[in-house]
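Input: a single structure, listed below in structure tokens.
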Amino acid sequence: MNSIIALSLFGIANLFLGFLNNRKILLPATLAFVLVALGLNLADWNQEYLWFNNMLRTNNLSVNFASVILVATFLVVAVSRGFGDDEEHTHPAEYYAIMLFSVVGAIMMVTFENLIMLFVGLEILSVSMYILTGTDKRNLRSNEAALKYFLMGAFATGILLFGIALIYGATGSFNIHGIEALVLTAAGGSAPALLYIGIVMVIIGLLFKVSAAPFHFWTPDVYEGAPAIFTAFMSTVVKTAGFAALFRLLGGAFTGVYGTWIYILYFLTMLTLIIGNITAVYQQSFKRMLAYSSISHAGYLMLTATAKVAHTQSSILFYSLAYSVATISAFAVLMVVAETKESNAEKTNENFDIFNGLAKNNPLLAFVLTVSMLSLAGIPLTAGFWGKFFIFSDAFQRGIVVPLVVAVLMSAVGIYYYFKAIISAYFKEGDVPAIELKPIYKITLIVTTLLTIVLGIAPDLVKSIF
């Protein structure tokens, strides 16, 4: 809870820092703000509180999810180069402030005890992302992406809110523990139809936010149109917050009607895995490939969310951390290479061919890209391998056979399109010049790569904490 208050104040402080003539202070200040928030969040470990008239709950689960969100935010901010280069058209103070405000919404989504607070947190996060998506006002793709995201997001939010209203009408409570008790009681007899309809609508609203099929249509266009730094933020922080909220509802408030929604989610999990992986194979744009990759990873996380075994919580947390670190590394390499290529072209090229010959003059960038792709593909000795292993183990333990088989087959498909970037970097001729990286950028890339490797070699270092 203290981290929510701190981030709100820090966001306002960032806006005042924008009045200063020196833009260089904004990046280190924002990094410091995120670190302070992370420290305040970790200070709540092994303590449980209820806040705002029992509408928010702080416990170890919320601390873990919030920590993953804050670590991802720190890494994204650290690689946010170029905000201050164009003083006429960029406004870094506003960008950083909106990012901090969006993190407030994300943390509310992992600490909510009341469905109203889930809705408030979701809206804070969503509105912030609508704005950040359209920040490149001179780019028609960015404008189009923001409009699509806003319209479809508003529609999904309406479905979610109507579902909450139906659940309240059926149970008379917004509190998730109160709803859980009433759902268990109703499940023993004849639960009202309003309850089942409301639960399905709430699940649909959250599945839209995490890019699950068939609610994924906004994802490729929004990911491609938004500035790459905000796409990285969207694909990590938003997805983690969305699955945290979904997990809390499925494993808590809605557990009494498990048989009602489980088969729907089985089908949507398989559909998400198939659409995400098969469509990614045909992409020529590296950024669109990462968009469909994000859809496929939503399918893997849905697989363990439906398993509902003792290790589900730690599996989702570990997978979210592994996916976030690898994705941020991939977007960081894409941003720096695309900026270098852009100076010699009329428009930004984000296809796989921009990595052609990358290893020749930029071995560090090529290595970071390789490790991130290997992790996303689930290759051994990377964090992504253990993330998928834990998820598949949960599904096997629960006896989820058909979705598990689909997930394993789609993992094999994923190796193909992830390796396209590695092949471009090492085995194709290209003209990527030597790129000079700022110290903080280089350090961040090294940290994310080492973290991916360390978690791949010794996953229990983090898994035991979760």
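The values are calculated or read from the model by the stated rules, or taken from the named source; none is laboratory data. Quick caveat, the model's predicted, so the values are computed rather than measured. In this analysis, Cβ positions are derived from the backbone assuming ideal geometry, glycine residues included, and neighbour counts consider all displayed protein chains.
General remarks:
- The residue list 369, 374, 451, 364 contains one member that is in contact with a Lys or Arg (Cβ under 9 Å, 6 or more places away or on another chain) and either basic (Lys, Arg) or part of a helix (DSSP H, G or I) (or both), which is 364.
- Matching residues, the stretch 390-414, being surrounded by fewer than 16 Cβ atoms within 10 Å (Cβ to Cβ) and assigned to a helix (DSSP H, G or I): 396, 397, 401, 402, 405, 408, 409, 412
- Residue within the stretch 41-61 that is touching an Asp or Glu at 6+ places or on another chain (Cβ under 7 Å), charged (D, E, K, R) and either modelled with pLDDT under 95 or not in a helix (DSSP H, G or I) (or both) present: yes
- Residue 94 meets the conditions (1) modelled with pLDDT under 90; (2) crowded, with 20+ Cβ neighbours inside 10 Å; (3) not in a loop (DSSP other than H, G, I, E, B) in every case but one. The failed one is (2).
- Sub-7 Å Cβ pairs linking a first residue in the stretch 281-300 that is within 11 Å of residue 323 (Cβ to Cβ) to a second residue that is outside any helix (DSSP H, G or I), at least 6 apart or interchain, are 294/211; 298/210; 298/211; 298/212, ordered by first then second residue.
- Identification of helices (runs of 4 or more DSSP H) wholly contained in the stretch 146-250 with 3 or more residues that are surrounded by fewer than 19 Cβ atoms within 10 Å (Cβ to Cβ) and free of Cβ contacts under 8 Å to residues at least 40 places away in the same chain yields 176-188, 193-209.
- Any hit, the stretch 288-311, residues being under 24 Å from residue 416 (Cβ atoms), surrounded by fewer than 22 Cβ atoms within 10 Å (Cβ to Cβ), modelled with pLDDT under 95 and of a type outside the set (Ser, Thr, Tyr): yes
- Tally, over the stretch 363-385, of residues that are more than 18 Å from residue 420 (Cβ to Cβ) and either buried (at least 24 other Cβ atoms within 10 Å of the Cβ) or of a type in the set (Phe, Trp, Tyr) (or both): 2
- Condition met for residue 417 (surrounded by 15 or more Cβ atoms within 10 Å (Cβ to Cβ), touching a residue at least 60 places away in the same chain (Cβ under 8 Å) and within 22 Å of the chain's Cα centre (by Cα)): yes
- Residue check, residue 61 within 22 Å of the chain's Cα centre (by Cα) and surrounded by fewer than 22 Cβ atoms within 10 Å (Cβ to Cβ): yes
- Selection count where residues are part of a helix (DSSP H, G or I) and within 26 Å of residue 141 (Cβ to Cβ), scope the stretch 282-312: 13
- Annotation: of all residues in the stretch 447-466 being loosely packed, with under 13 Cβ neighbours inside 10 Å and of a type in the set (Gly, Ala, Ser), the one that is farthest from residue 45 (Cα to Cα) is 458.
- One residue stands out in the stretch 342-361 among those that are assigned to a helix (DSSP H, G or I) and surrounded by fewer than 21 Cβ atoms within 10 Å (Cβ to Cβ): the one that is modelled with the lowest pLDDT, namely 342.
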